[in-house]
Amino acid sequence: MGSTAVEFKNTATSTLLELVKNRRTYYGLKGESPISDDAIERIVQDSVLHVPSSFNTQTSRVVLLLKEEHQKVWDIAIKAIEGLVAAGHVPKESFETSTKPKLESFRAAYGTVLFFVDYEALAPIKEKFAIYADKFDPFALESNAMSQYFVWLALESEGFGANLQHYSPLVDEEIAKTWGLPASWKLDAQLVFGTPTSEPGEKQFAPIEDRFKVFGK
Ligand SMILES: Cc1cc2nc3c(=O)[nH]c(=O)nc-3n(C[C@H](O)[C@H](O)[C@H](O)COP(=O)(O)O)c2cc1C
């Protein structure tokens with residue numbers, strides 16, 4: 001599976017591929033960091049600055065939350081789902097035995113990166129290129145996902161473990177209120193990161209032959 005020995009001109013390419021292969025979903029995390037907060041901030045800022053976007057529209061918005069600020073996200077999620085339990089929309093039993101411990105495990109981590117898309121910022125370009133108007137929203141989300149992946153990869157390269165969560169729209173209003181964020185920032189994903197306390201689960205791979213073709217080699 002992609003294991004034929006090949007040589008790259010730039011050793012950074014091999015390093016990059018190793019990082020890609022080693023990135024996994026880590027759920028067991030603790031609130032310690034192997035690197036400085038400034039180094040984390042640099043990774044996240046660089047993702048905002050340098051990850052590409054369609055027509056260079058730069059629609060991604062990102063909030064980095066560390067320590068107590070990070071814990072607030074998961075308090076918000078716990079409270080939101082407690083509300084659903086109280087309203088009878090979520091069974092109390094499954095909340096207590098499964099959902100709550102999962103949310104508390106995210107809370108036990110070191111930080112959360114909130115990834116938003118500002119779809120409203122696309123209004124002028126949608127007008128300018130009306131023929132592509134319906135493409136810009138998906139393009140913006142694709143660009144956001146690139147940032148998510150880059151930050152996930154870079155944090156794990158520095159010794160963190162991370163997992164990607166999606167609690168929108170349940171937590172949107174409270175998150176915007178807590179950190180005074182613009183109403184046009186639409187939350188997509190939450191990347192939880194911390195020092196790993198357990199290994200990721202085993203991963204199955206569908207045969208590469210069913211998923212990839214090459215012609216003209
Ligand atoms: C777009 C996307 C959405 C995901 N959403 C969630 C999620 O909401 N909760 C979660 O625990 N994992 C989520 N994951 C993680 C995947 O389940 C995980 O990446 C996949 O099972 C492969 O495992 P790996 O990350 O260890 O390689 C998501 C991953 C991607 C790429």
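Would you point out the residue of the range 1-43, among those that are among the hydroxyl-bearing types (Ser, Thr, Tyr) and within 16 Å of the ligand (Cβ to nearest atom), that is surrounded by the most Cβ atoms within 10 Å (Cβ to Cβ)? First the steps, then the outcome.
As a first pass, look at the range 1-43 and keep what is among the hydroxyl-bearing types (Ser, Thr, Tyr): 3-4, 11, 13-15, 25-27, 33, 36.
Checking the rest, the ones that are also within 16 Å of the ligand (Cβ to nearest atom) come to 25-27.
Details: Thr25: 12, Tyr26: 22, Tyr27: 17.
Looking at the filtered set, the residue picked out is Tyr26.
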Inset, instruction - From (1) surrounded by 19 or more Cβ atoms within 10 Å (Cβ to Cβ); (2) outside any helix (DSSP H, G or I), pick out the condition that doesn't hold for Val90. - result: (1)
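Which members of the range 158-169 meet the condition of being more than 12 Å from the ligand (Cβ to nearest atom) and touching a residue at least 60 places away in the same chain (Cβ under 8 Å)? Even if it seems obvious, please write down each step before you answer.
As a first pass, look at the range 158-169 and keep what is more than 12 Å from the ligand (Cβ to nearest atom): 158-160, 169.
Glu158, Gly159, Phe160, listed by residue number.
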Inset, instruction - Could you run through the range 173-195 and say how many residues are of a type outside the set (A, V, I, L, M) and within 12 Å of the ligand (Cβ to nearest atom)? - result: 2
Legend entry - Unmet requirement for Phe136, which otherwise passes all of (1) more than 12 Å from the chain's Cα centre (by Cα); (2) under 28 Å from Glu68 (Cα atoms): (2)
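In this structure, is Phe115 of a type in the set (A, V, I, L, M, F, W, C), touching a Ser or Thr at 6+ places or on another chain (Cβ under 8 Å) and at pLDDT 95 or above? It would help to see each step written out before you state the result.
On the way: of a type in the set (A, V, I, L, M, F, W, C): yes; touching a Ser or Thr at 6+ places or on another chain (Cβ under 8 Å): yes; at pLDDT 95 or above: yes.
Against the criterion (of a type in the set (A, V, I, L, M, F, W, C), touching a Ser or Thr at 6+ places or on another chain (Cβ under 8 Å) and at pLDDT 95 or above), Phe115 qualifies.
Conditions (1) part of a helix (DSSP H, G or I); (2) of a type outside the set (S, T, N, Q); (3) in contact with a Phe, Trp or Tyr (Cβ under 6 Å, 6 or more places away or on another chain), marked per residue:
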| site | (1), (2), (3) |
| --- | --- |
| Lys135 | yes, yes, no |
| Glu142 | yes, yes, no |
| Asn163 | no, no, yes |
| Pro182 | no, yes, no |
Legend entry - Inter-residue pairs, beta-carbon under 9 Å, first farther than 21 Å from Lys203 by Cα and in the range 6-34, second of a type in the set (Asp, Glu) and surrounded by 11 or more Cβ atoms within 10 Å (Cβ to Cβ), 6+ apart: Ser33/Glu158; Pro34/Glu158
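Just checking, does the range 133-140 include any residue being farther than 30 Å from Gly28 by Cα, within 14 Å of the ligand (Cβ to nearest atom) and at pLDDT 95 or above? Before the answer, list the steps.
In the first step, residues of the range 133-140 are kept if they are farther than 30 Å from Gly28 by Cα; the result is 133-140.
Now restrict to residues that are within 14 Å of the ligand (Cβ to nearest atom): 138.
The next check asks that each one be at pLDDT 95 or above; those that pass are 138.
Taking every residue of the range 133-140 in turn, at least one turns out to be farther than 30 Å from Gly28 by Cα, within 14 Å of the ligand (Cβ to nearest atom) and at pLDDT 95 or above.
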Legend entry - Hits in the range 44-76 (condition: of a type in the set (A, V, I, L, M), surrounded by fewer than 18 Cβ atoms within 10 Å (Cβ to Cβ) and within 23 Å of Tyr167 (Cβ to Cβ)): Val48, Leu66
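For (1) in contact with a strand residue (DSSP E or B) (Cβ under 7 Å, 6 or more places away or on another chain); (2) closer than 17 Å to Gly111 by Cβ, each residue gets a yes or a no:
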| residue | (1), (2) |
| --- | --- |
| Arg24 | no, no |
| Leu29 | yes, yes |
| Ile35 | no, yes |
| Ile40 | yes, yes |
| Trp74 | no, yes |
Inset, instruction - Test Gln148 against the stated conditions and say whether it is part of a helix (DSSP H, G or I), polar (S, T, N, Q) and within 24 Å of Ser54 (Cα to Cα). - result: yes
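Taking the condition out of contact with any Asp or Glu (no Cβ under 7 Å at 6 or more places or on another chain), hydrophobic (A, V, I, L, M, F, W, C), surrounded by fewer than 19 Cβ atoms within 10 Å (Cβ to Cβ) and closer than 23 Å to Asp37 by Cβ, does Ala154 pass? Can you show your working first?
Details: out of contact with any Asp or Glu (no Cβ under 7 Å at 6 or more places or on another chain): yes; hydrophobic (A, V, I, L, M, F, W, C): yes; surrounded by fewer than 19 Cβ atoms within 10 Å (Cβ to Cβ): no; closer than 23 Å to Asp37 by Cβ: yes.
No, not satisfied.
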Inset, instruction - Kindly indicate whether Pro200 is within 13 Å of the ligand (Cβ to nearest atom), in contact (Cβ under 8 Å) with a residue 24 or more places away in the chain and not aromatic (Phe, Trp, Tyr). - result: yes
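The values are calculated or read from the model by the stated rules, or taken from the named source; none is laboratory data. Note that the structure is a prediction, hence the values are computed from the model and not measured. Backbone-built Cβ (ideal geometry, glycine too); neighbour counts: all protein chains shown.
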